[in-house]
Structure formats: structure tokens, C-alpha cells
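The values are calculated or read from the model by the stated rules, or taken from the named source; none is laboratory data. Remember, it's a predicted structure, so these values are computed and weren't measured experimentally. Glycine also receives a Cβ, built like all others from the backbone with ideal geometry; neighbour counts cover every protein chain displayed. Side chains are part of the model used for accessible areas, which takes the heavy atoms of the whole protein and leaves out ligands, DNA and RNA. Shrake-Rupley method; radii C 1.70, N 1.55, O 1.52, S 1.80 Å.
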Amino acid sequence: MNSEDSIVKYFYSAKPFPLESGESLPSLTIAYHTYGKLSPERDNAVWVMHALTANSDVADWWPHTVETGKFLDPDRHFVVCANVVGSCYGSSGPMKPFAEGDKPMYEDFPNLTVRDMVNAHKLLMKHLGIKKIDTIIGSSLGGFQALEWLVDSPEVARRAVLCATDFQCRPWLAAINKAMYMAIEADPTFGLPSADAARKGLEAARAIALLSYRSHSAYDMTQADSPDRKNPFERKVHSYQAYQGKKLADRFDVYSYLRMCRSSDTHDVGRGRGSAAEALSRVKAKCLVVAISSDILFPPSYHQELAAMLPDARLEIIESEFAHDGFLIEHEKLDRLIQDFYTST
């Protein structure tokens, strides 16, 4: 990578940005990173959709992927990753004033759908001059966006990699989201116009979410107590959960976190399109569907359903004890699958 690859860039549109809810943003800012160069034919773009609380610097949060010879090779591809609307890493969101002298909107910022996020990606794609995306790659919430884009614009990409994701937000995920909302709303500071509002609620919500990102075996491997611990009421995993909650609250605000989680509640490619099967039948991209064997958030059975409904899809399952977070941790296994997919398609 060259030195410019680590620099965040911004796309700005002064036009109102309409939302699926009927509301609109007065303007739109999208923070994004690119790695490598767009080919003269403008056809070598690999677009990465980030997950819930990541940013646009995919080389930072997905280590050993944006490297020569890897599946996000900047010597071969023009890699794009955009911070989604509603987040807090540079794109329009609850903490970002729309104009100089304005105040952040905090909880008054409109709720967003996955389709709103995709409409913002479309504007950035046009701005970057990309004719057709070579490969869209999305995991988790990023996979929601990727699927929605493939259904909404069947010609947008030649290939797609869909990892640890689903074609709809099922009751299990929606229930986890609701538990997090309850934790956040129980914080008496929720609703205050402050960057630190509901911090304790956010920490608790993240601890709840973490339980769905890991498996019992992953916790057993990493959080087992010493048999000679002095205080039987103090567990290693207790401090781990508290640490993870604080870690997120140190870099994220509660209003942006809610926008991300609420957007996932809206996800269903079949909504307004007859059914998921009808919607997915529109997809023209060749797809690689990758499940993590121990993922309890999006188990392999969900991926089997998804692959069966896509017109041209290959299903692979990565054996891992790291559950949903396996898509980040098992990057070497994922790299081998994607490289083979590149070669065969």
C-alpha cells in the first residue's frame, strides 16, 4: 500500500438525501478509504461492506487482508470501503453536524434502513467512476448491504462474497437487538444531547451483543478461571465482558450504535418484493457464500438456505471455534476460499 491508502477521503453531496422512512438528510457525507488504483477499464473494484461498528479503513480492522497476494490485493484491485451512513466514523450520523454552527442531532437523527445505506453506496460508486464492481464482499451487517445491493441492482457486480450473514434479520437477531435497546434505554442519561449519553447502557448492550459473536467453546478456551483463584465470586469472564463494553463505549456513541442496530432490524431482501426467493432470483453475480461452523448468530443452516435461493452460488463452511467473529479471526482460511473463488470465476 502507498501512504495515501491510509488517508480517509470524503464524498459530499449538498442535495437532500431521501430515506426510506420518508424523512431525509439535508446533505450527505460519506467517509471512505481506497487502496490500489482503478484500472483504465474501471472494472477492477472490490467493494468491502463493513460490519456493525467498523470504519472505512478495512486494512485496520481486517488484518492481513489488504496485502499483496491476499484477497484484497491493492496491486491487483481497487479496494473501496465506505463508512455507512449513521455511523460515527466520518459519514453523516447522529454526532456529525450537517453545517458549520449546527449542533449534532443525537437521538433526533433519523433511523435508517439497509436500503438507505445502499443508496449512499450508489452515489459514491458514481463519484468514483466505477462502471461495474468486480467483487462485492460483505460480512454480517456488511453482508446485509451486499445482498440488498445485488437484489436492487442486479448488474452492479460480477461476483460477490457473502460471509457470516443472512438474507433477512430473523427473530433471534431482532431479540438480541431488543435486549440491547432495553439496556440502553434503562440508562437514565439516554436521550440527553451528549456524546457520553447512556454510556453505561451502551457498555451493557455491547456485553449482551458479545454473547452472540462468540460460542461457549470460545469462552471456555479463553476465559477459564484458575482453580486457585482467591475470590470465588470474581470470574475472569466478568472482567472480560466489562472490558469489551468499555472498549466500545470509548470509540462509539450510543446514538450511532442504535442507528446501526436498528438498520439491521429492517433487513429483509423479500420485503416489498414478494418473497426472499423472488428477490434473490434477480441476482446475476456469481456468489460465494461462507458460513462459520460455530456461528450462533448466522448458523450454517441459514447460509444453506441463502445459497439455495441464489441462481449461481457456492457454499463453503469454515470450521472454527470462534463463532461469528470467525470471519475476522480466520482470515487465512477465508483468504484461501476467496482466492479459489477468484480463480474459478
Q. (1) part of a loop (DSSP other than H, G, I, E, B); (2) over 30 Å from S153 (Cβ atoms); (3) open to solvent by less than 70 Å² (accessible area, probe 1.4 Å): which one isn't true of G270, the others all being true?
A. (2)
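Suppose we filter the range 273-287 for residues that are open to solvent by 10 Å² or more (accessible area, probe 1.4 Å) and not hydroxyl-bearing (S, T, Y); how many remain?
Filtering the range 273-287 down to residues open to solvent by 10 Å² or more (accessible area, probe 1.4 Å) leaves 273-278, 281-282, 284, 286.
Still in the list and also not hydroxyl-bearing (S, T, Y): 273-274, 276-278, 282, 284, 286.
Count: 8.
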Q | Subset of the range 39-55 (residues that are among the β-branched types (V, I, T) and open to solvent by 10 Å² or more (accessible area, probe 1.4 Å)) | A | T53
Q: Go through (1) surrounded by fewer than 18 Cβ atoms within 10 Å (Cβ to Cβ); (2) under 18 Å from the mean Cα position of the chain (by Cα); (3) part of a helix (DSSP H, G or I) and name the single condition P63 misses.
A: (3)
Q: Please go through the range 9-38 and pick out each residue that is loosely packed, with under 15 Cβ neighbours inside 10 Å and either closer than 22 Å to D134 by Cα or modelled with pLDDT under 95 (or both).
A: K37
Q.
If I filter the range 32-41 for residues that are within 19 Å of the chain's Cα centre (by Cα) and touching a residue at least 60 places away in the same chain (Cβ under 8 Å), do I get at least one hit?
A. yes
Q. Among (1) on the phi < 0 side of the Ramachandran plot; (2) in a loop (DSSP other than H, G, I, E, B); (3) surrounded by fewer than 17 Cβ atoms within 10 Å (Cβ to Cβ), which single condition is G191 missing?
A. (1)
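Is it true that S256 is within 24 Å of A209 (Cβ to Cβ), open to solvent by less than 10 Å² (accessible area, probe 1.4 Å) and small (G, A, S)? Give the steps one after another, and end with the answer.
Numbers: within 24 Å of A209 (Cβ to Cβ): yes; open to solvent by less than 10 Å² (accessible area, probe 1.4 Å): yes; small (G, A, S): yes.
So S256 fits the description; yes.
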Q: For the range 147-188, name all the residues that are of a type in the set (F, W, Y) and open to solvent by 20 Å² or more (accessible area, probe 1.4 Å).
A: W172, Y181
Q) When the range 71-93 is examined, which residues are found to be open to solvent by less than 40 Å² (accessible area, probe 1.4 Å) and either aromatic (F, W, Y) or over 15 Å from the mean Cα position of the chain (by Cα) (or both)? A) F71, L72, D73, P74, H77, F78, V79, G90, S92, G93
Q. Is there any pair linking a residue in the range 228-242 that is of a type in the set (A, V, I, L, M, F, W, C) to one that is surrounded by 13 or more Cβ atoms within 10 Å (Cβ to Cβ) and outside any helix (DSSP H, G or I), with Cβ under 7 Å and at least six apart or on different chains, and which?
A. V237/Q223
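If you check A218 against the conditions, is it under 25 Å from E20 (Cα atoms), touching an Asp or Glu at 6+ places or on another chain (Cβ under 6 Å), assigned to a helix (DSSP H, G or I) and of a type outside the set (S, T, N, Q)? Full working, then the answer.
Details: under 25 Å from E20 (Cα atoms): no; touching an Asp or Glu at 6+ places or on another chain (Cβ under 6 Å): yes; assigned to a helix (DSSP H, G or I): yes; of a type outside the set (S, T, N, Q): yes.
In short, no.
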Q. So, in the range 94-144, of the ones that are without any contact (Cβ under 8 Å) to a residue 40 or more places away in the chain and not in a loop (DSSP other than H, G, I, E, B), which residue ends up surrounded by the most Cβ atoms within 10 Å (Cβ to Cβ)?
A. V118
Q | Residues satisfying the stated conditions in the range 305-345, i.e. over 26 Å from S275 (Cα atoms), open to solvent by 20 Å² or more (accessible area, probe 1.4 Å) and not in a helix (DSSP H, G or I) | A | E319, E321, F322, E330, T345
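Can we say G69 is farther than 24 Å from F190 by Cβ, without any contact (Cβ under 8 Å) to a residue 40 or more places away in the chain and among the small types (G, A, S)? Please lay out each step first, then the result.
Numbers: farther than 24 Å from F190 by Cβ: yes; without any contact (Cβ under 8 Å) to a residue 40 or more places away in the chain: yes; among the small types (G, A, S): yes.
Spelling it out, G69 is indeed farther than 24 Å from F190 by Cβ, without any contact (Cβ under 8 Å) to a residue 40 or more places away in the chain and among the small types (G, A, S).
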